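Every number here is computed from the coordinates shown, using simple stated rules; none is lab data. A quick note: this is a predicted structure, and the numbers were derived from the prediction, not measured. For neighbour counting, all protein chains shown are included, and Cβ atoms are generated from backbone atoms with ideal geometry for every residue, glycine included.
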């Protein structure tokens with residue numbers, strides 16, 4: 001009888017209890033009585049899973065819902081289904097930290113520099129690294145005032161391949177992020193580099209940098225931030241998960257937080273649904289090793 005109860009307990013998270021009791025020819029009252037006698041192996045395993053989930057959620061992974069949490073637990077050697085993880089999270093109030101709703105904010109493109117067409121819309125989805133890069137700038141509030149963060153993202157792997165931070169919005173901020181990306185990735189000619197129509201991306205300095213490397217410029221349509229939605233999504237994740245609700249005391253503190261958040265969290269560990277719940281680095285490593 002004990003064996004039957006243990007088998008029911010192991011399957012309870014996946015199937016209705018009434019059906020399990022009927023299939024194993026035991027009463028629900030008898031099963032409940034057996035389960036309440038002492039902590040079962042299943043309960044001990046659930047307690048262990050719960051403790052691990054709580055440890056995972058102490059960092060930026062507080063944003064994880066059950067699919068990402070289940071993948072993280074399995075990567076750490078725990079055997080568990082997504083349904084089981086979802087049930088435990090629900091029972092213990094472990095809700096995923098909801099990202100702030102994306103509110104489009106159009107870029108001021110009132111300048112006289114040449115504007116590139118939206119070539120990204122004509123491109124097929126990338127099937128390897130360094131085919132399409134995306135760019136954007138975001139504002140980071142600190143106790144010392146605004147810090148500006150320029151990012152370059154590889155659309156294929158969602159990896160942040162270049163970034164630069166400064167207290168100004170001059171073109172050198174954008175070029176600095178591109179220089180970092182170029183040094184790390186060494187892409188060939190023909191790379192498509194997409195951005196909004198902001199003056200920093202249309203400037204002579206940025207255009208000359210792209211031309212010097214044989215890269216192709218692409219820009220979103222006027223007043224349409226959804227043309228660069230992947231980059232907007234990455235920025236939202238970094239700001240919500242890395243910085244959270246806290247305000248860095250100054251630029252130096254913000255730079256330290258963002259460095260760790262981009263390189264150690266977003267690129268190395270954060271699981272992306274678009275990458276089959278792998279991190280950008282793991283996704284690229286798998287591709288390179290195949």
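At a glance:
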{"read-out": "Pair residue 260, residue 186: separation of 7 Å Cα→Cβ label points (nm)", "value": "3.2 nm"}
{"read-out": "For segment 268-283 versus segment 75-94, the gap between their alpha-carbon centres in whole angstrom", "value": "19 Å"}
{"read-out": "Relative contact order %, segment 226-287, counting alpha carbon pairs below 8 Å whose residues are six or more apart", "value": "20 percent"}
{"read-out": "Shape of segment 1-53, Cα gyration tensor, a/c cut at 1.5", "value": "prolate"}
{"read-out": "Cβ-derived FRET efficiency at R0 30 Å, residue 74 paired with residue 32, nearest 0.05", "value": "0.50"}
{"read-out": "Relative contact order (percent, whole number), the chain, Cα cutoff 8 Å, 6+ residue spacing", "value": "17 percent"}
{"read-out": "Kirkwood Rh (inverse of mean 1/r, distinct Cα pairs), segment 18-80, angstrom", "value": "13.9 Å"}
{"read-out": "26 Å tail of the calculated P(r), segment 144-290, as % of Cα pairs", "value": "26 percent"}
{"read-out": "Residue of 36, 263, 205 that the Gaussian network model of the chain assigns the largest fluctuation, springs spanning Cα pairs under 10 Å", "value": "36"}
{"read-out": "Spacing of the two label points (7 Å from each Cα toward its C-beta) at residue 55 and residue 92, in nm", "value": "1.2 nm"}
{"read-out": "Sum of -39500 (n - 2.57) over DSSP H runs of 4+, divided by residues of the chain (222 nm, nearest 500)", "value": "-12000 deg cm²/dmol"}
{"read-out": "Gyration tensor verdict on segment 234-287 (Cα atoms; rounded if a/c is under 1.5, prolate if a/b is larger than b/c, oblate otherwise)", "value": "prolate"}
{"read-out": "Gaussian network model of the chain, Cα within-10 Å springs - most flexible of 16, 60, 141", "value": "16"}
{"read-out": "Whole-Å distance, taken between Cα centres, linking segment 146-207 and segment 232-261", "value": "18 Å"}
{"read-out": "Degrees separating the helix 280-289 axis from the principal Cα axis of the chain, which is the longest one", "value": "90 degrees"}
{"read-out": "Tilt relative to the chain, helix 82-91 - C-alpha long axis, 0 to 90 degrees, to 10", "value": "80 degrees"}
{"read-out": "Segment 116-223: antiparallel DSSP beta bridges as a percent of all, rounded to 5", "value": "70 percent"}
{"read-out": "Peptides 158-165, 206-213 ordered by average Cβ neighbours within 10 Å, highest first", "value": "158-165, 206-213"}
{"read-out": "Rounded to 10°, Cα long-axis angle of helix 2-11 versus longest principal axis of the chain", "value": "20 degrees"}
{"read-out": "DSSP-defined antiparallel bridges as percent of all bridges, the chain, nearest 5", "value": "70 percent"}
{"read-out": "Extension reserve of the residue 269-residue 62 stretch, reckoned as 0.36 nm per residue once the Cα distance is removed", "value": "73.2 nm"}
{"read-out": "Length gained when the stretch residue 12-residue 166 is fully extended (0.36 nm per residue, less Cα-Cα span)", "value": "50.0 nm"}
